[in-house]
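Every read-out reported here was derived from the displayed coordinates using simple, explicitly stated rules and does not represent laboratory data. On a predicted model such as this, the values are computed, not experimentally measured, just so you know. FYI the Cβ positions are ideal-geometry reconstructions off the backbone, even for glycines, and counts take in every protein chain you see.
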Amino acid sequence: MNTNPFITEPLSEWNVDILYVNRDEEKQVMPYLSESSVVKGINNRIMVSSRNFIVIGTRGSGKSSFMSHLKKNLSLESNNPIVISPPLTGNSIKEFLGRIYREMLKAKPNKNNQETLMVEENENNMMYRSFSTDFLLKELHNNKTTIFIDSAQGIFKYNNILDLITSTGHEMDIKWGLFMTPKAYYLWRGNKDHDGFFDRFNLVITLSPMSFEQAFEMINKRLAFSGMENIEFLTNEQIKKIVDSLNGIPRAIMKACRILFDYHLSDNSCNKTKGITGFQVLNAVASVKLEELDIQGLDEEYKYILKVFMVNEGVATTNELLIKTKLTRPTLYRRLNYLKARGHIYERMNESGDIVRGEWELDPTTSSMLAFGANGEFSKKFEEQE
């Protein structure tokens, strides 16, 4: 029996080589990290050119899979990448470095390192207390360690760790890579107290949405990995619809494919051959958007505004909304701008492509969520009638 190949968890070291789809941004990061950061300054003093970097990506954009891919490739170049994730236990620099040192030993499995790890386990992972901070930093420097911090927004409550990262770039061959959301980056980047910290990061990239070609490759790699490369699953038009509707977000695309593959299995079990329908694609996209955008978390005022659109067949003017919602004009505009920013509504355009002020349209995917829900009942009933 076929199992669903569309797993939504981030790729790990064991499957990243097989399932990873190249992203445009790695063309910036890999050469940047591969260059030597050690240079000679005045009087042959060893100096370090910062090779720190930041990767920004929305939730589900593939940051963790991108990180696994970088780690695997950097390991082949002996850059000794280490991955750690908050929460960072305690507020001690030595504890923070000890955790990185422990991961470094695990990444280099030789007899001495294994013996050291065994001693540490016997000491409840507290062996780092017997080492000085200078020793731990020297070990990381000698091993040219690259340190990835996933969900890096968690480090900003530790000023001493921020100071450590800021200071290690001057005379130590240690690279730092931070992976975080746009909200976290711009929140902390806007704080002038952190200017010195962010100045140590010479490369900041934002993961771009997946293209149709990348999504096509991602879907087919999953099918091939599960031995189902020859099945007829989605048409190119359906894949393009999914990619466009879900803004090229990899995890959202995988979630939609997982729902649709369950439809596919159900159809095959019933000896149906009509394939995935347009209504099933619409429902899958609606289900994912409902989860990803959390429309159910909107308060009653927002929901009522959206219901007005539904009653008006997906369109409404500002004046109509003022009358029906009984909100003040400033409050209504704040609500409308919020819904617009979330992708639920947009301003209408005329045939020339110009925005028509005061006229709004409901996003088709949001419309399908409100009309049909996320369980596909509408599609099932519709198909039974065909």
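Quick look at the values:
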{"read-out": "Charge context of W176, other residues only, Cβ under 9 angstrom, K/R +1, D/E -1", "value": "+3"}
{"read-out": "Under the Karplus curve 6.51 cos²θ - 1.76 cosθ + 1.60, θ = phi - 60°, whole-Hz ³J(HN,Hα) for the range 226-241, x wherever Gly or Pro sits", "value": "9, x, 10, 5, 9, 7, 8, 10, 10, 7, 4, 5, 5, 4, 4, 4"}
{"read-out": "Links that overshoot a 21 Å alpha carbon limit, given the list K72/K289; K108/K175; K289/K326; K71/K192", "value": "K72/K289; K289/K326; K71/K192"}
{"read-out": "Cut-off under 5 Å, modelled amide H: who pairs with I345 long-range", "value": "K340, D363"}
{"read-out": "For N202, distant residues with modelled amide H under 5 Å away", "value": "N52"}
{"read-out": "Nonlocal amide H pairs with G358, under 5 Å, H built at 1.01 Å", "value": "none"}
{"read-out": "Rounded to whole Hz, the Karplus (6.51, -1.76, 1.60) HN-Hα couplings of the range 149-155, x for glycine and proline", "value": "10, 7, 6, 5, 4, x, 8"}
{"read-out": "³J(HN,Hα) computed for each position of the range 173-190 - Karplus, 6.51 cos²θ - 1.76 cosθ + 1.60, integer Hz, glycine/proline x", "value": "8, 10, 10, 10, x, 9, 10, 8, 7, x, 4, 5, 4, 6, 5, 7, 5, x"}
